[in-house]
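The values are calculated or read from the model by the stated rules, or taken from the named source; none is laboratory data. What you are looking at is a predicted structure, and each value in this text was computed from that prediction instead of being measured. All Cβ positions, glycine included, derive from the backbone under ideal geometry; neighbour counts span all protein chains shown.
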Amino acid sequence: MRVVVTFAVDSEFAPWRKSRPFRRDRNAAPARYEYSTGDLFVRVVLTGMGERLAGQAAKAALADGADLCISSGLAGGLQAGQRSGDILVAQVVVKDHEPVAIASDPELIALASDCGARQVSRFVTSRVIVARSADKQLLGERADAVEMESLAVLGEAARRGVPAVAVRAIADTVDFDLPLDFSTASDPSGQIRASRVLGALAMRPQRLPALLRFARDCRRASQSLAAFLDAYTGCLAECYRGSGSRSELLATT
């Protein structure tokens, strides 16, 4: 079974990469990693932040064929009671300020729930990083978490007839203001550069405590996501092994 998993940036993927023998495809851009065990083949692609880069990366990653696609990574919480590290699976992904929506595959949602994810109604894909708590509270009137890539990834999977699901780990909660403007810390490939973060921090050293808290929460969320994805892909492979085909897999989950 061939599974494509997307992350925006390397720090989201790092805990899972370190726990399994992923090998980087040095000929691929954006960065691509692969891992196989038994009947399971996992291809991870680092899309970069934002819908445009995510769509391009998903198109390339799915070009060789896939049985399933998982759009994953970190997200901002939009509801009270959510905690850093919570794993959410969305029924639908919508686009901020536009009447566009794509549904996750129902059977993949059900299996994600069985593996410990909390099923929620909506993720909203934003064109910009939503940094302020006040803005997150407004988005919370129509969605449960905010991210920047899932709509593009699920859209590309739908065009290719590949069942897909959006899974995210909560990093920053709804009551937390991000300490820096991370959009200025990314390079043209959509990856966060530490040197740019440090440069921004040098201009606002008073933000250091909040930045340290955010880094801690992101690490917790990434570790939680790694544990979930390891269990989830393992369950998918087990179901596939017992069914013998993708259609039977989805019928039995």
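Number of residues in segment 84-112 that are under 14 Å from the mean Cα position of the chain (by Cα) and either among the hydroxyl-bearing types (Ser, Thr, Tyr) or at pLDDT below 95 (or both) equals 1. The single condition from (1) under 22 Å from THR184 (Cα atoms); (2) at pLDDT below 95 that PHE13 fails is (2). Taking the conditions exactly as written (surrounded by 17 or more Cβ atoms within 10 Å (Cβ to Cβ), more than 13 Å from the chain's Cα centre (by Cα) and without any contact (Cβ under 8 Å) to a residue 40 or more places away in the chain), does ALA66 satisfy them or not? No; evaluated as a whole, the condition is false for this residue. Here is a check on your reading of the model: is ARG159 closer than 21 Å to GLY50 by Cβ and over 21 Å from the mean Cα position of the chain (by Cα)? No, not satisfied.
Counting only strands (runs of 3 or more DSSP E) that fall entirely inside segment 8-122 and contain at least 1 residues that are more than 27 Å from ASP172 (Cβ to Cβ) and polar (S, T, N, Q), the qualifying elements are 32-37.
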